[in-house]
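The values are calculated or read from the model by the stated rules, or taken from the named source; none is laboratory data. What you are looking at is a predicted structure, and each value in this text was computed from that prediction instead of being measured. Note: ideal-geometry Cβ built from the backbone for every residue, glycine included; neighbour counts use all protein chains shown. To get the accessible areas, we keep the full protein, side chains included, count just its heavy atoms, and leave off ligands, DNA and RNA. Shrake-Rupley method; radii C 1.70, N 1.55, O 1.52, S 1.80 Å.
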Amino acid sequence: MSGQILNIGVDVGGTIIKIGVIDDNGRILLQEKMRTEADRGSDVIISSIIQNIDAILAKGSLRQEDVTSIGLGVPGTADSENGVVVYAPNLFWRNVEIVKSIQRVFDVPIYVAQDTCAAAWAEYLVGVGQGRRSVASVTLGTGIGCGMVLEGRIFHGALNTAGEFGHQIVELDGNLCNCGRRGCLEAYAGGLAIVREAKKRIPGIHELLRKNPSKVGVHDVYRLAQEGNPQARELTDSVVNYVGIGLVNLINLSSVELICISGGISNAPSELLLDPLIDFVRNRAYESIADRVEICTSSLCENAPLIGAALLYQEPDCAPVVRVGSPSVLPQCS
Ligand SMILES: [Zn+2]
């Protein structure tokens, strides 16, 4: 690994934390995973992150001074400027000074951003968004999120809450969302909502799938829809409509050139998700952008937040631009 520009990326998930040594082209050279012990509090998790950074440096025969930076992607609102995780409900964190804590141990620049922002940054720099000025990365999973890179900068918003794509209202006074409000997109097209509705609407779903109710997943619903089950198909069509509304709102408001879709639901068959979503946007977005915006699936997939975190040091608002070459290799999902 000598001669390369190396960074440490940390993707702090609600259940798993990934730590990687990543080069400037976004290639993951080493990776470790650990369980997130969310119930043990922020100090325990941060100590564990520090130990694992030490371990991965040792594994790569690297010293601290061999890495340019450490970047963290976190599952919640992050104040990148001050290095603070403002609110991460899945971790039960509020106002955790994560950068300061890690800086006590590692004498390298340390950055933090919301994981969705880190993912968008990765797509913009080394993923499907290479060469574009404005890119959005939409994650369709258990929850629904979005990160945006506008004019070459991560868009955090004044209160660092930009990109709460899953909490735009698609039905007035509609289904109750995990956020406590009603009618959010996530309450109709998030993974939990899809499975809940499938159990309600598809007669004999457990017998059809020969599965215990607790084991039914989104992919089962898409399989049934693909096999022609009418209620499953109605449900996957409604997901297209709700996500489509969300995408049209996003496109009309932000004028992004490209939206890449990732997350578990993005693995659905193209004819049931991506293709009809593209049609929805073509027919309903503001006319001058409808034909020009590109919608595709991510090339970095679940590694996007890890890679983007490692490359946060290149974000103009995080640090002076230190671009070394222009990434030309498109990393693939592993
Ligand atoms: Zn909500």
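Could you tell me how many of the residues in region 83-126 are under 17 Å from the mean Cα position of the chain (by Cα), more than 18 Å from Phe155 (Cα to Cα) and among the small types (Gly, Ala, Ser)?
Count: 1.
Among the residues of region 171-194, count how many are assigned to a helix (DSSP H, G or I), open to solvent by 20 Å² or more (accessible area, probe 1.4 Å) and more than 9 Å from the ligand (Cβ to nearest atom).
2
Looking at region 256-279 only, could you name the residues that are open to solvent by 60 Å² or more (accessible area, probe 1.4 Å) and either part of a helix (DSSP H, G or I) or among the polar types (S, T, N, Q) (or both)?
Matches in region 256-279: Asn267, Glu271, Asp275, Asp279.
Hey, among the residues in region 239-255 that are in contact with a helix residue (DSSP H, G or I) (Cβ under 7 Å, 6 or more places away or on another chain), part of a helix (DSSP H, G or I) and of a type in the set (Gly, Ala, Ser), which one's surrounded by the fewest Cβ atoms within 10 Å (Cβ to Cβ)?
Gly244
Show the residue pairs that are 6+ apart or on different chains and have beta-carbon atoms under 8 Å apart, the first residue being within region 177-189 and farther than 22 Å from Arg233 by Cα and without any contact (Cβ under 8 Å) to a residue 60 or more places away in the chain, the second being more than 6 Å from the ligand (Cβ to nearest atom) and among the polar types (S, T, N, Q).
Arg182/Asn175
If you go through region 135-170 one residue at a time, how many are among the small types (Gly, Ala, Ser), away from the ligand (no atom under 15 Å from the Cβ) and either surrounded by 20 or more Cβ atoms within 10 Å (Cβ to Cβ) or under 16 Å from the mean Cα position of the chain (by Cα) (or both)? Lay out the reasoning, then the answer.
Step one: list which residues in region 135-170 are among the small types (Gly, Ala, Ser), which gives 136-137, 141, 143, 145, 147, 152, 157-158, 162-163, 166.
So of that shortlist, the ones also away from the ligand (no atom under 15 Å from the Cβ) come out as 136-137, 147, 152, 157-158, 162.
With either surrounded by 20 or more Cβ atoms within 10 Å (Cβ to Cβ) or under 16 Å from the mean Cα position of the chain (by Cα) (or both) added as a condition, the list becomes 136-137, 147, 162.
Going through region 135-170 one residue at a time, the tally reaches 4.
Which condition does Gly204 not pass, out of (1) open to solvent by 20 Å² or more (accessible area, probe 1.4 Å); (2) within 12 Å of the ligand (Cβ to nearest atom); (3) small (Gly, Ala, Ser), if it passes all the others?
All conditions are met except number (2).
Can you name every residue in region 211-231 that is closer than 23 Å to Gly263 by Cα, of a type outside the set (A, V, I, L, M) and modelled with pLDDT of 95 or more?
Gly217, His219, Asp220, Tyr222, Arg223, Gln226, Glu227
Going by the conditions given, is Leu224 open to solvent by less than 30 Å² (accessible area, probe 1.4 Å), more than 25 Å from the chain's Cα centre (by Cα), free of Cβ contacts under 8 Å to residues at least 40 places away in the same chain and closer than 30 Å to Arg282 by Cα?
Spelling it out, Leu224 is indeed open to solvent by less than 30 Å² (accessible area, probe 1.4 Å), more than 25 Å from the chain's Cα centre (by Cα), free of Cβ contacts under 8 Å to residues at least 40 places away in the same chain and closer than 30 Å to Arg282 by Cα.
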